[in-house]
Amino acid sequence: MKFETIRKGSILTVSLISMLSMLAGCSGGASDAASVAADMPSSSATASSPAYTEKSMAKNMATNAPASPMVGGKVSADSAKAASFRAPAAPEQQARQVIRKAELDVRVGNVEKAEKAVGEIVQSLGGYTETASSTDLASAHPVLNISLRVPVGGFDSAIARFEALGVRLSKKVGSEDVTGQLVDLDARLKTLKAQEDVYRNMLKNRSQLDEVFNIQNQLTQVRTQIEQITGERKSQAGLAAMSTIALTLEQNAVANMPSTDPNWLAQTWAEASSGASTALRIFVVAMVWILAFSPFWIPAILLIRRALKPVIDKKAAIPPAGF
């Protein structure tokens, strides 16, 4: 009787825990059921006894129980996948497009050496020289103006390296954010290209000449706008990708520095002779013009003199106030 009571109590306990495990859907309840079945008296745990059968059922239930989303403090793969689906990633932010410009004036010891160093710096950064102009290179104070284009990533580095060539006299740096303009241009291009496709499809289905000419006219206008906007966008993107630096190199002035031009005397005499020849030519040309127009200005002078003669004679006849 006592054995039967224990067996029924064990069966009831295992059944109750199994039901709780199925309702909760976690392995903790199944593990508890297996633990309870394992703690049953060894006198009833024989291969042929009903208690052994109940313990085997508890182990099977613990093995086949659904896994918990949190196992050992880690999220399962299915749960992580579901979480990532429920919380989509935020869209990536549009990269900023900024046009950077600088004007830099540096005084250096030697313009030619500084120019060579500037070329090496620009080449190492992946840029290029856009324009270059110089004044008075043979004098004691030569000046070199260079317009440079460097990648936007090397803009600050280029400025610092140019300043290190000598003494900075002036510096002006500016920037312009064109991200919004590029986004607007892209949207306009998308709309215009869609209109172009519509007009092309309409053109395929038209046979009357007036309709064909009208559609072709609209298509030409749309295509012109597309090309204009494409060129503008390319220009803005190019300016954003390659920064502009206007660099001025001024050489230190040296007192009593001899001219580096060996032909300075001959050059001076040639310039003076050329100036004198030009002045003489201007004088001769003026005399020729005066002589050529003499039939007009000589009679005019005679008429004016005759008209003013009575007034002049009257003034000459009036004695001075002292007499």
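The values are calculated or read from the model by the stated rules, or taken from the named source; none is laboratory data. Bear in mind that the values here come from a model prediction, so they are computed numbers and not experimental data. Glycine also receives a Cβ, built like all others from the backbone with ideal geometry; neighbour counts cover every protein chain displayed. The area values use the complete protein model at the heavy-atom level, side chains included, leaving out ligands, DNA and RNA. Shrake-Rupley method; radii C 1.70, N 1.55, O 1.52, S 1.80 Å.
Take residue 226 and tell me if it is assigned to a helix (DSSP H, G or I), surrounded by 11 or more Cβ atoms within 10 Å (Cβ to Cβ), modelled with pLDDT under 90 and out of contact with any strand residue (DSSP E or B) (no Cβ under 6 Å at 6 or more places or on another chain).
Considered against the rule, which asks whether it is assigned to a helix (DSSP H, G or I), surrounded by 11 or more Cβ atoms within 10 Å (Cβ to Cβ), modelled with pLDDT under 90 and out of contact with any strand residue (DSSP E or B) (no Cβ under 6 Å at 6 or more places or on another chain), residue 226 comes out as no.
What's the number of the only condition in (1) in contact with a strand residue (DSSP E or B) (Cβ under 7 Å, 6 or more places away or on another chain); (2) within 27 Å of residue 235 (Cβ to Cβ) that residue 170 fails to meet?
Against the list (1) in contact with a strand residue (DSSP E or B) (Cβ under 7 Å, 6 or more places away or on another chain); (2) within 27 Å of residue 235 (Cβ to Cβ), residue 170 comes up short only on (2).
Identify the single condition in (1) farther than 30 Å from residue 147 by Cβ; (2) in contact (Cβ under 8 Å) with a residue 60 or more places away in the chain that residue 240 does not satisfy, given that it satisfies every other one.
All conditions pass for residue 240, except number (1).
Would you check if there is a residue in the stretch 130-138 being open to solvent by 80 Å² or more (accessible area, probe 1.4 Å), hydrophobic (A, V, I, L, M, F, W, C) and either at pLDDT below 90 or out of contact with any helix residue (DSSP H, G or I) (no Cβ under 7 Å at 6 or more places or on another chain) (or both)?
yes
Failed condition for residue 167, given (1) within 30 Å of residue 97 (Cα to Cα); (2) in contact (Cβ under 8 Å) with a residue 24 or more places away in the chain; (3) of a type in the set (A, V, I, L, M, F, W, C), with all others met?
(1)
Let's see how each residue does on (1) in contact with a Ser or Thr (Cβ under 6 Å, 6 or more places away or on another chain); (2) modelled with pLDDT under 85; (3) more than 26 Å from residue 104 (Cβ to Cβ); (4) open to solvent by less than 40 Å² (accessible area, probe 1.4 Å):
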position: 207; (1), (2), (3), (4): no, yes, yes, no
position: 214; (1), (2), (3), (4): no, no, yes, no
position: 218; (1), (2), (3), (4): no, no, yes, no
position: 222; (1), (2), (3), (4): no, no, yes, yes
position: 241; (1), (2), (3), (4): no, yes, no, no
position: 264; (1), (2), (3), (4): no, yes, yes, no
